[in-house]
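We did not get these values from a lab; they are worked out from the coordinates using the rules stated. What you see is a predicted model, and the numbers here were worked out from it, not measured in a lab. Here the Cβ positions follow ideal geometry from the backbone for every residue, glycine too, while neighbour counts run over all protein chains shown.
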Amino acid sequence: MQAIVQTIRDIVAYSPLFGQQIQLLLHPSQNVIENPVYLCDLVASLVQSADTKELQQVMESKNINQRLNLALELVEKEKTVAKLKHDINKDVEKKVQEHHRKYLLHEQLKVIKKELGIEKDEKVTIIDKMEEKMKNLKIPEYAMKVIKEEQQKLQYLEPTSSEFNVTRNYLDWLTNMPWGLVSEENTDLKKAKEALDEGHYGMKDVKQRILEFIAINILKKSVGGKILCFHGPPGVGKTSIAKSIAAALNRQYFRFSVGGMTDVSEIKGHRRTYVGAMPGKMIQCLKKVQTENPLVLIDEIDKIGGAGFHGDPASALLELLDPEQNANFNDHFLDVPIDLTKVLFICTANEVDRIPGALRDRMELIDVSGYLAEEKMQIARKYLIPQARKETSLTEEQLTISEDVLDELIKHYCRESGVRNLQKHIERIFRKAALQIAEVDQSSAASVISVTSENLTKYVGKPKFTSDRMYDITPPGVVMGLAWTAMGGSALYIETVLKRAVDESSDKDGSLETTGNLGDVMKESVRTALTVAKGILSREKPDSKFFEKAHIHIHVPEGATPKDGPSAGVTLVSSLLSLALNKPVRQRMAMTGEISLTGKVLPVGGIREKVIAARRVGATLVFLPSENRRDYDELPDFMRDDIEVRFVTHYDELYKELFE
């Protein structure tokens, strides 16, 4: 009994509420301490941690000693719970008191510092920092008005409110804009030319245009902007030349890609009312570069996403890239006009036709054509190999690559217009050589590696292209045309055969079947070519009923590759006539040109790429439309030396060359 009484006293010490409950339950005349029955009943009615079953056992137990033991167990359990609660409350109270004490001390410290003039109010400090920033900026009046209004608004807001953070963030962006800050531009043409030549081979048109841009700025004695678009096959250096241009002009460089972009807010920014709102890419650019005249590269503009749920990003670029509008470019977040007239915009694209018309009209298009084998050789020797040596730390004594190896790589592994694939193959050679050298002792003779055309397959595998030509001798009905894609120029064979022998006495008309993954324009070109071929054959051989009765199948090889466009018109006519006359065309000859119903040969695009493709496959004679003479004349002399080009206005001229 004494143990139970002592435990109850301990519980009262931990929980005063327990003592109050005892006073409510006990009558002053009851002597519970001396009466074991009363004591057990009191315990059963007071404990809260026991379950119903345990309480029932106490009430039903007839043996007094057993009953006291059960009551002691219950009260001990209650003591443990009460002690735990007491300790937790004590810890919480201690922490609250500590926080409260610190808060009071901080508040007192703030008041003391404020009274002594040591520290200013948080809002005043923020505004003072902004004012300090703005001293060196030439902020326009309209922007300054907005800044002052927002600063006034900030003074009336509590630092803990969400509106305070939104306003502060907005002011940070406004005061971090490079208002009136212009980086000094390079006016030394010679130095600029050296900077452009240092990193890139060829690209005459691009370099010429940049030098013209510098010359105009020198004469104007002011910093200007421009909107250029470099278009050409992948891997020709469109993106990397932009960095060299920035260095040549001494301008800050900023790049962002719009490939696959579908949200207009990426360009124009979000409204400030949205949570987590931020400005568009152009404002982010100006904040980062801290100058009003950076060079901004907008990459992959032909792959920009179309109009959707979040607006049309291509339409948003119209304002950004319009010289008449970008003096007052309005970002949704800043909501203050920004002058972008000093920015030099350079866009890159693979296919100009995929750029929306209104956007294309605002840019000056500069063609960055593919490279010839000779040009690739120079690029590999002057740029790619030294770069690979630098990355792998292999010296010329450790690894030598012969001229034959580069020639083999260009002809049989890397035929595309750019040099990206060539760079990958050269890097692969260096990586495998580095592994070989690392596996043997550095000082041994085995650590000197020489890569030749004989052991090249050991480093880069088997050649991808084994033959330059599909046909060594073209049979009747097969003619080599020239195609131009985003990847560059290539030879395009047109194969025309008879499905069965021609029976001119048959009552049934002939048929025409086309295969080879042809697009709608090319299918129409086939029908036009058939009409032209019929007209020429009826004139040359009036008695022939070949096209009326023949069942013809036209196929363009490499069926997995989609083909479209009108430039195979003359090739299709030549192929049909070659089959009808049963005469093969001249060997090592290629042609390109659109055909009209009356037989006129119309101009086509990609002349440089097509001439490169013709030289690569070993063609010695190429027929081009007369109206493309100006494009051919612009080609460098070494591209025209070992190939004969004849220009035709009407198909009759081509017919005489081929079949007479």
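Descriptive notes on the structure:
- Members of Lys424/Lys464; Lys135/Lys281; Lys508/Lys541; Lys424/Lys458; Lys508/Lys545; Lys204/Lys281 lying beyond 19 Å, as alpha-carbon distances in this model show: Lys135/Lys281; Lys508/Lys541; Lys204/Lys281
- Between the listed residues Ala529, Leu359, Ala614, the Cα displaced farthest toward the positive end of the dipole of the chain, a dipole computed from Cβ unit charges relative to the Cα centre, is found at Leu359.
- Positive-end residue, region 278-389 charge dipole about Cα centroid, Cβ charges, pick of Thr291, Pro313, Tyr383: Tyr383
- Working ranking of peptides 217-226, 569-578, 374-383 by packing, defined as the average number of other Cβ atoms within 10 Å per residue, highest first, is 569-578, 374-383, 217-226.
- Neighbourhood net charge (9 Å Cβ-Cβ; Lys/Arg +1, Asp/Glu -1) for Ile214: -3
- Placing +1 on the Cβ of every Lys and Arg and -1 on the Cβ of every Asp and Glu, with nothing else charged, gives region 189-367 a dipole about its Cα centre of roughly 680 debye.
- Taking a straight Cα-Cα cut-off under 14 Å and skipping sequence neighbours fewer than 8 places away in the same chain, the aspartates and glutamates within cross-link reach of Lys138 are Glu292, Asp339.
- Dividing the summed -39500 (n - 2.57) terms of all DSSP H runs of n ≥ 4 by the residue count of the chain sets its mean residue ellipticity at 222 nm at -15000 deg cm²/dmol.
- Pairs beyond 18 Å (Cα-Cα), from Lys220/Lys342; Lys390/Lys432; Lys193/Lys221: Lys193/Lys221
- Maximal additional length on extending the Tyr274-Phe638 stretch stands at 125.0 nm, based on 0.36 nm per residue less the C-alpha distance.
- Projected-area average for region 189-367 over all orientations - Cα convex hull basis, square nanometres: 10.4
- Dipole magnitude for the chain: about 640 debye, using +1 per Lys or Arg Cβ and -1 per Asp or Glu Cβ, origin at the Cα centre.
- Percentage of interatomic Cα-Cα distances in region 122-175 larger than 13 Å: 56
- With a Förster radius of 60 Å applied to the C-beta separation of Ala247 and Thr620, the computed FRET efficiency comes to 0.90.
- Packing, taken as the mean count of other beta carbons within 10 Å per residue, orders the peptides 541-553, 504-516 from highest to lowest as 541-553, 504-516.
- Model label points for Glu351 and Arg586, set 7 angstrom from Cα along the Cα-to-Cβ axis, are 3.4 nm apart.
- Just so you know, the Cα atoms of the chain work out to an Rg and Dmax of 42.7, 143 Å.
- Take every Cα pair under 8 Å whose residues are at least 6 apart in sequence, average their separation, divide by the length of the chain, and the relative contact order is 9 percent.
- Stretched out straight at 0.36 nm per residue, the stretch from Phe465 to Arg500 would grow longer than its current Cα-Cα span by 9.2 nm.
- Using alpha-carbon coordinates, inclination of helix 36-46 to the longest axis of the chain, degrees: 30
- With R₀ set to 35 Å, the beta-carbon distance separating Asp509 from Glu653 gives a calculated FRET efficiency near 0.65.
- Nearest 10 degrees, 0 to 90: helix 16-25 Cα axis against the chain principal axis: 50
- In a fully extended conformation the segment linking His99 and Gln57 would gain 10.4 nm over its present Cα-Cα distance, using 0.36 nm per residue.
- Distance (nanometres) between label positions extended 7 Å along Cα→Cβ at Asn455 and Lys390: 2.8
- Label-point gap, in nm, between Lys129 and Glu558 - each point 7 angstrom along Cα→Cβ: 5.9
- Applying a 4.7 Å cutoff between beta carbons, the unpaired cysteines of the chain are Cys40, Cys285, Cys414.
- Peptides 624-632, 263-271 ranked from most to least packed give 263-271, 624-632, packing being the mean of other C-beta atoms within 10 angstrom over each peptide's residues.
- Considering only Cα atoms, the convex hull volume of region 103-247 works out to 220 Å³ per residue.
- Computed over the Cα atoms of region 478-659, pair by distinct pair, the Kirkwood hydrodynamic radius stands at 16.6 angstrom.
- If you take the Cα centroid of region 64-130 and the Cα centroid of region 356-381, the two points sit 70 Å apart.
- Within region 110-217, the GluC sites (Glu not before Pro) that combine a DSSP coil assignment with at most 16 other C-beta atoms in a 10 angstrom radius are Glu119, Glu184.
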